[in-house]
Amino acid sequence: MEVDLIAFAKWLGIPVFSGLAAWVAAYSYLKFAGEKAIENALQKDLKKFEHGLTSDIEKFKAEEALKNEVFKATQTDKIEHFRFDVLVSLDRTTKLHEQEFKVLPRAWHLLHVAGGATGKISPRNVAGRPIVENLEPDVYSRFLDTYQFSEIDKDRLRTLVGRERQDEFVKGVEFLELQAARKAHSKFNNYLLSFGIFVQKPLRDRFKEFSSLIGAANSEAAFERELGRIPGANQREARDAFTVEWSPKIAEFEADVQRRLWEARLPSIDQRDPEVGVTENPATN
């Protein structure tokens, strides 16, 4: 489209010159005005761009700061959870080992009580019974009071004399010793069943081996008492085994128990035991 520069100049209120001068004047004005308009438009767009850029940068900074805070909070929470797990694990492990170091000495004591009681019914001890057949009646009566016979049994034994007195007295003592051995074994066995969970498996298995050794000897003695001695039959095999095996095995086992009590270290976190609740003090049972 052609532009009538003269008419346009008049419309702008610019003095109109004729010819080339008019055209140059109009061109100069338009050039100046156009550059100014373009410059103003560019300045406006630049300010708008700068404002938008600043806003985006501030928004980005705010988002990054929020992400950092969330990350820090998450890491702190993880660290606290890990610290809590470590403390709980150490506390649980410590409590388990405290129970173990209470249970081990108690189980060791009860094992020796049961073994000592069983030793009294072994073949080596039955021959060493007191000789009572020739005791005076009053001496014999006082002697019976040192044993835990029932009053009925004491009265019956006081009426006997000679060899019959000796035989019945020995039978009565053997019965008391068998009762004591079975009671001691039962107490040890029940304790091991109740609190053996706090003892490490290798030691617990060794305790069970001794329990079987004692139990077999006691059962054999009880069987013999009920049925009597059978001629030609080996009715003392279990008691003989106890007599032969007890001393060397208990000495070896003592070294294992001492090593556990004096040289053991608490396991690391990766080796911690599962949580086990304890409702009573096993050392008092």
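The requirement of being touching a Pro at 6+ places or on another chain (Cβ under 8 Å), among the basic types (Lys, Arg) and within 30 Å of Glu245 (Cβ to Cβ) is not satisfied by Lys120. If you go through region 146-167 and keep only what is within 13 Å of Pro130 (Cβ to Cβ) and either surrounded by 14 or more Cβ atoms within 10 Å (Cβ to Cβ) or over 56 Å from the mean Cα position of the chain (by Cα) (or both), you end up with Tyr147, Leu157, Arg165, Gln166. Across region 127-139, not a single residue is classified as surrounded by 15 or more Cβ atoms within 10 Å (Cβ to Cβ) and part of a helix (DSSP H, G or I).
Taking the criterion of being within 19 Å of Asn218 (Cα to Cα), under 52 Å from the mean Cα position of the chain (by Cα), surrounded by fewer than 16 Cβ atoms within 10 Å (Cβ to Cβ) and modelled with pLDDT of 90 or more, would at least one residue in region 93-108 satisfy it? So far as region 93-108 goes, no, none of its residues is within 19 Å of Asn218 (Cα to Cα), under 52 Å from the mean Cα position of the chain (by Cα), surrounded by fewer than 16 Cβ atoms within 10 Å (Cβ to Cβ) and modelled with pLDDT of 90 or more.
In region 168-208, the qualifying residues are those that are in the same structural domain as Arg225 (by TED's automatic domain parsing) and among the β-branched types (Val, Ile, Thr), and the one that is surrounded by the most Cβ atoms within 10 Å (Cβ to Cβ) is Val199.
The values are calculated or read from the model by the stated rules, or taken from the named source; none is laboratory data. Worth saying up front: this structure is predicted, and the values here are computed from it rather than measured. Reconstructed Cβ throughout: ideal geometry from the backbone, glycine too, with neighbour counts over all protein chains shown.
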